[in-house]
Amino acid sequence: MRASQRYGSQLVVAKNDDDPEIAKDAYLRAAALPSFTTQARLEGLGLKLTVPLETGSALTVCYRRMRAFVLKPLDAKEAARIGRLQAAMEGRPVPGVTEFELFESPHAGSDKHFMTMPKYDSTLELVQPLEPEDAMRFWLQLRGALQGLHALGFAHNDVKPANICVVAGVDFVLVDLASCARFGERSASTPAYVPRDLEMRAAAPAVDWWMLAMTLAEACCGESGMQVGSGARSASKEELRDHLMGRLVRKAIWDELSPFII
């Protein structure tokens, strides 16, 4: 029934073309959707969804009263990692790290999980390059966010401009906690923001600091000849050090960053 409601046109094509693979794909996609009772439960918790929720879809905007949030589907491993972080935080937010809530399907044995976080104004990738005064504030706030996570024994593992949001045009907050993991655990990351000669086998503070250094190179150094970003070839640690030493818009940032990466 859910396949016919959500993917009816695909089933019509499968029938007309006598193609069972198309029909199978529609049923598999329907099975991956959150059940209507899951959506009803989320709405019962005060989250008004703007569009039907689909596992694996882009972030879904939702509202709780007058405040906008985004709802993100998680796989079971992501949900478990974020659940451990939530327990470690013991209800105390980490400054500079987004607030969040975890939800799961009400059905026993379901592997459908979701998290919400506030909908922020923009991301760093849309507002760079940063002016010198903004760069210093960015450094201080992200340094604090990472130190707060590390004090709990967790690394973020995916520090990059797309995962840093801008609040009210003046503050920065670290988002997308799906890659957060305790030190020593394995987790996903974005290769372009990890120096290619950094041995990365498990979550560790060093990974976060180097990814933040790569983000600083992209957001604060302007045009310099070294390609940085999600579409670029990852720099080596030496290349990144040389790049930052001579081009960071505020020398004070390099003075504070360098002990973390040298």
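Before moving on, here are some points about what is shown:
- Once the convex hull of all Cα atoms in the stretch 122-261 is built, its volume per residue stands at 98 Å³.
- Within-11-Å neighbourhood charge of V70 [Cβ basis; K, R +1; D, E -1]: +1
- Annotation for the stretch 107-193: trypsin sites (Lys or Arg not before Pro) lying in DSSP loop with at most 15 further Cβ atoms inside 10 Å of their Cβ are K119, R186.
- Among L149, V175, A204 the positive-end extreme of the charge dipole of the stretch 102-214 (Cβ point charges): A204
Where a number appears in this text, it was derived from the coordinates with a stated rule and is not lab data. What you see is a predicted model; the values in this text were computed from it and never measured. In this analysis, Cβ positions are derived from the backbone assuming ideal geometry, glycine residues included, and neighbour counts consider all displayed protein chains.
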